[in-house]
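S.K.: I have a structure I would like to understand better, so I am pasting it below and will then ask my questions one at a time.
The values are calculated or read from the model by the stated rules, or taken from the named source; none is laboratory data. Here the structure is a predicted model, which is why all the values come from computation and not from measurement. Positions of Cβ are backbone-derived with ideal geometry, glycine not excepted, and every protein chain shown enters the neighbour counts.
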Amino acid sequence: MTVIPIEELTLRQRTAVAVDEPRLRISLERATDTLSSRQSTAYGQFADPERLRSAARAAKAQVLSRLPDVLEQLADRLEASGVVVHWASTDREACDVVTTIAMERGVRRVVKSKSMLTEEIGLNQALDGIGVEVTETDLGEWIIQLAGETPSHIIVPAIHRDRAQCRDALQTVSDEPLGDAPQDLAAFAREALRSRFLAADMGISGVNFAVAESGSLILVTNEGNGRLTTSVPPIHVAMLGMERVLESWDQLDLFLALLTRAATGQPITTYVSAITGPAQAEEGEGPEEVHVVIVDNGRSEILGTEFTEMLACIRCGACLNACPVYRVTGGHAYGWVYPGPMGAVLTPLLLESEAAGEVADASSLCGACWEACPVGIPLQDMLLALRRRQAEEATLAERTAWRVWAAAWSRPSTYRASLRTGAIATGMFDPSSLRGPVRRWSDGREMPKVPKRSFRQQWKESRQ
Amino acid sequence: MTDKQQFLETVRVALRDGIPPNLLRPLPDTPNDPIEYTPDLSDTLGAFIRSAGDSGAELVGTPDEALDVVVRRVLDTVAPKVVAVSNDPECDGVAETLTSAGIEISAPNDIAATAAADLGITGAVAGIALTGSVVVDAKRAKGRLASLLPKVHLVLLSTRRIVSTPGDVFRKMDDWFPDGLPSNVVLITGPSRSADIELEITEGVHGPQQLLIALVD
């Protein structure tokens, strides 16, 4: 299954494509079940998980309420440790910062560790545009890069592919025929990517958390590609969404404990790296140059609104695994980089287009996302608020139509008339015949089947 | 291009009226106290050994044995041609053991040489009982690749450096790093792993395939 661009098909059409993939449904069900049950087991190590969730929600709200000061402190500490700090208001600016560094330093080969922010801003395409070769080094991310896809889960990017489909993607860069055992595929990736790490001029990573009090960047990984990306090439560029900052190491302790357990059910991931500046003279190894790009790209428009708490999201993916919609459709049906309930909230807020607004409908409002969220973001309240906002912004034509309908159905005589008209009209009406702006609304919607004789008529007849 | 002042001004303007109250689900004011865990960590060493084992690390030596006996045993199993050794104090004497066993030591601060090593040996600044993690400090080790590039990583951990929880490290960073933070501190828990294909755990995808821990005094 390839990416379905949000502007080309409607939510309903994208969903239809997704549910039509039998292998996808099997992969998804197995993976989301496993991840959800691992989360509950891992929470068993907490004496009071609810209290931690509540502390995390409180801490994030505190950080967000004083975000300018915290960011300023972070930037000061980063600079004091020798990091070059860049500020980017938009996706375009963020990409420009990185391509400029690449061009100035004559960078030709880049290795990347998984970063949803770079997916959001389209960094790979921007680097590709200046002729830089980019290799994704997270195993799942490399598989989908080779397949020309985007991630369908924020933690397990190739969750929608089974082992044979993963093998097929890796086969495109292997001279030898590959088997489909995950252990063998991982061994192949280690071998094939090791030389790329050693040859890379620049490593690009995301950041899970930035700790303002010391100017440290925290990277949470399992494979070790994050460590290689930030340790082997001479230049490290870290992409940081401005909301991913924490004030203190005390807060990091709390958020790390929640993140790894919520994401994969691990008490801790294999590697948790804290990077503070470029390599120091007596250390000998490590990058000579570290850049941090602090990215806004729509986040400041969420800050201070009723959706502010969405900026507390730590990208663990727990809401995806819990969501009855995601579990059936997978991530691609959401149409952009962030899937599941967190994506259904973020996509309309960050993209601000009509097609993006529709993504808020991809939810049953059951609240499973909220229960699963390690920082207690009331996701279902936000989804409802987004739908309300969408309704308020609906076109005049749509609102007028609903008003006429409401008026007609409020009086018995016009109600009866409308039923008769409806029965005749639906038989003649084909929504796909509509043109213009109305067409956008009608696409993906089906006319209800109105019976030839209404219930009222049938009732009357049966009593005769 | 946006500069710092413009960027921060936009954020300040957004927060002009603060964060609107959530009437339905008011924000809590729960304090961020040290985390209470359910596993019994009173026997710190025992808990560390158990958690490290759960994470897939192998315990290869205890403080009762001489370090060179432990190192020689590891050399017998791993059979390395080239070994990378860090400058952590726990590694004192390791180079002599390697040389007398006729094993080459990779040149320090040489990425290609370290990448070609079959075994990396480092010390650790701390061990964490709850998770079985070891904490490796780039300044103390004078480098960061010996724990990363070779297929096998042997870490020498002093039993006196084992604490109960990650919070005992994170919430006391100033005590652990009184001279400021090194450019790289890494908590390592078990061998490198991936679950990216059908969530099946595979080991050694980019980092070491095996993590060996020798407890020293």
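S.K.: All but one of (1) in contact (Cβ under 8 Å) with a residue 40 or more places away in the chain; (2) among the hydroxyl-bearing types (Ser, Thr, Tyr); (3) at the interface with chain A (Cβ under 10 Å from one of its Cβ atoms) hold for B:Thr159; which doesn't?
M.R.: The number of the failed condition is (3).
S.K.: So which helices (runs of 4 or more DSSP H) are wholly in segment A:295-334 and hold at least 2 residues that are of a type in the set (Val, Ile, Thr)?
M.R.: On the way: elements: A:299-302, A:318-322, A:326-329.
Correct list: A:326-329.
S.K.: Does B:Leu154 satisfy the criteria of being within 14 Å of the chain's Cα centre (by Cα), within 29 Å of A:Ser195 (Cα to Cα), facing chain A (nearest Cβ under 7 Å) and not in a helix (DSSP H, G or I)?
M.R.: Numbers: within 14 Å of the chain's Cα centre (by Cα): yes; within 29 Å of A:Ser195 (Cα to Cα): yes; facing chain A (nearest Cβ under 7 Å): no; not in a helix (DSSP H, G or I): yes.
Against the criterion (within 14 Å of the chain's Cα centre (by Cα), within 29 Å of A:Ser195 (Cα to Cα), facing chain A (nearest Cβ under 7 Å) and not in a helix (DSSP H, G or I)), B:Leu154 does not qualify.
Residue-by-condition table, conditions (1) closer than 20 Å to A:Ala279 by Cβ; (2) facing chain A (nearest Cβ under 8 Å); (3) assigned to a strand (DSSP E or B):
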{"position": "B:Gly120", "(1), (2), (3)": "yes, no, yes"}
{"position": "B:Thr131", "(1), (2), (3)": "no, yes, no"}
{"position": "B:Leu145", "(1), (2), (3)": "yes, yes, no"}
{"position": "B:Asp175", "(1), (2), (3)": "no, no, no"}
{"position": "B:Leu181", "(1), (2), (3)": "yes, yes, no"}
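S.K.: Additional query: Just checking, how many residues over segment B:10-68 are in contact (Cβ under 8 Å) with a residue 24 or more places away in the chain, within 22 Å of B:Lys172 (Cα to Cα) and of a type outside the set (Gly, Ala, Ser)?
M.R.: Of the residues in segment B:10-68, 8 are in contact (Cβ under 8 Å) with a residue 24 or more places away in the chain, within 22 Å of B:Lys172 (Cα to Cα) and of a type outside the set (Gly, Ala, Ser).
S.K.: Now for a different question. Mind listing just one residue for me: the one in segment A:204-227 that is within 22 Å of B:Phe177 (Cα to Cα) and part of a strand (DSSP E or B) and, of those, nearest to the other protein chains (Cβ to nearest Cβ)?
M.R.: My answer is A:Ser216.
S.K.: Among the residues of segment A:62-88, which ones are touching a strand residue (DSSP E or B) at 6+ places or on another chain (Cβ under 8 Å) and within 7 Å of chain B (Cβ to nearest Cβ)?
M.R.: Passing the criteria: A:Leu67, A:Leu71, A:Ala75, A:Trp87, A:Ala88.
S.K.: For segment A:246-254, state whether one or more residues are more than 7 Å from chain B (Cβ to nearest Cβ), within 22 Å of A:Pro374 (Cβ to Cβ) and in contact with a Pro (Cβ under 9 Å, 6 or more places away or on another chain).
M.R.: Checked against the condition, which is being more than 7 Å from chain B (Cβ to nearest Cβ), within 22 Å of A:Pro374 (Cβ to Cβ) and in contact with a Pro (Cβ under 9 Å, 6 or more places away or on another chain), segment A:246-254 yields no hits at all.
S.K.: Right, next: Here are some conditions: (1) over 30 Å from B:Ala115 (Cβ atoms); (2) among the acidic types (Asp, Glu); (3) in contact with a Lys or Arg (Cβ under 6 Å, 6 or more places away or on another chain). B:Asp88 meets all but one. Which one does it not meet?
M.R.: Here B:Asp88 meets the rest and fails (1).
S.K.: Does A:Leu350 satisfy the criteria of being assigned to a helix (DSSP H, G or I) and either within 14 Å of chain B (Cβ to nearest Cβ) or among the charged types (D, E, K, R) (or both)? If you could, list the steps in order and put the result at the bottom.
M.R.: On the way: assigned to a helix (DSSP H, G or I): yes; either within 14 Å of chain B (Cβ to nearest Cβ) or among the charged types (D, E, K, R) (or both): no.
No: the conditions fail for A:Leu350.
S.K.: May I ask you to list the residues in segment B:133-143 that are surrounded by fewer than 24 Cβ atoms within 10 Å (Cβ to Cβ) and in a loop (DSSP other than H, G, I, E, B)?
M.R.: Hit for segment B:133-143 is B:Lys142, nothing else.
S.K.: Still on this structure, I have one more. Given the options A:Arg387, A:Arg403, A:Arg416, A:Arg327, name the one that is more than 23 Å from A:Ala56 (Cα to Cα), without any contact (Cβ under 8 Å) to a residue 40 or more places away in the chain and touching a helix residue (DSSP H, G or I) at 6+ places or on another chain (Cβ under 8 Å). Even if it seems obvious, please write down each step before you answer.
M.R.: Details: A:Arg403 fails: touching a helix residue (DSSP H, G or I) at 6+ places or on another chain (Cβ under 8 Å); A:Arg416 fails: without any contact (Cβ under 8 Å) to a residue 40 or more places away in the chain; A:Arg327 fails: without any contact (Cβ under 8 Å) to a residue 40 or more places away in the chain.
On inspection, the qualifying residue turns out to be A:Arg387.
S.K.: Can I ask one more? Take segment A:215-254 and flag every residue that is over 25 Å from B:Leu148 (Cα atoms) and either of a type in the set (Ser, Thr, Tyr) or more than 19 Å from the chain's Cα centre (by Cα) (or both). Quick ask: steps written out before the conclusion?
M.R.: Quick first cut of segment A:215-254, residues over 25 Å from B:Leu148 (Cα atoms) only: A:241-248, A:250-251, A:254.
Within segment A:215-254, A:Leu246, A:Glu247, A:Ser248, A:Asp250, A:Gln251, A:Leu254 qualify.
S.K.: Can you name the residue in segment A:228-245 that is within 9 Å of another protein chain (Cβ to nearest Cβ) and touching a helix residue (DSSP H, G or I) at 6+ places or on another chain (Cβ under 6 Å) and is also surrounded by the most Cβ atoms within 10 Å (Cβ to Cβ) among such residues?
M.R.: Restricting attention to segment A:228-245, the residues satisfying the condition of being within 9 Å of another protein chain (Cβ to nearest Cβ) are A:228, A:230-232, A:242.
If we keep only those that are touching a helix residue (DSSP H, G or I) at 6+ places or on another chain (Cβ under 6 Å) as well, we get A:228, A:232, A:242.
Working: A:Leu228: 28, A:Val232: 26, A:Met242: 25.
Applying the filter and picking the extreme gives A:Leu228.
S.K.: Also: Can you confirm whether segment B:199-216 contains a residue that is part of a helix (DSSP H, G or I), within 11 Å of chain A (Cβ to nearest Cβ) and aliphatic (A, V, I, L, M)?
M.R.: First pass over segment B:199-216, keeping only residues part of a helix (DSSP H, G or I): none.
The answer is no, given that none of the residues of segment B:199-216 is part of a helix (DSSP H, G or I), within 11 Å of chain A (Cβ to nearest Cβ) and aliphatic (A, V, I, L, M).
S.K.: Here is a further query. Here are B:Leu154, B:Leu187: which of them is closer than 28 Å to A:Val83 by Cα and buried (at least 24 other Cβ atoms within 10 Å of the Cβ)?
M.R.: Details: B:Leu154 fails: closer than 28 Å to A:Val83 by Cα.
Residue meeting the stated conditions: B:Leu187.
S.K.: So which residues in segment B:96-114 are modelled with pLDDT under 95 and not polar (S, T, N, Q), if there are any at all?
M.R.: Once the filter is applied, which keeps residues that are modelled with pLDDT under 95 and not polar (S, T, N, Q), segment B:96-114 yields B:Ala107, B:Pro108, B:Asp110, B:Ile111, B:Ala112, B:Ala113.
S.K.: Another question about this same structure. So, A:Ala47, is that one small (Gly, Ala, Ser), buried (at least 22 other Cβ atoms within 10 Å of the Cβ) and within 10 Å of another protein chain (Cβ to nearest Cβ) or not?
M.R.: Values: small (Gly, Ala, Ser): yes; buried (at least 22 other Cβ atoms within 10 Å of the Cβ): no; within 10 Å of another protein chain (Cβ to nearest Cβ): yes.
Judged against the criteria, A:Ala47 is not a match.
S.K.: Give me the pairs: first residue in segment A:88-106 and closer than 11 Å to A:Ala126 by Cβ, second residue charged (D, E, K, R), beta-carbon distance under 7 Å, and six or more apart or on different chains, which are they?
M.R.: Sorted first by the residue in segment A:88-106, then by its partner, the pairs are A:Asp91/A:Glu120.
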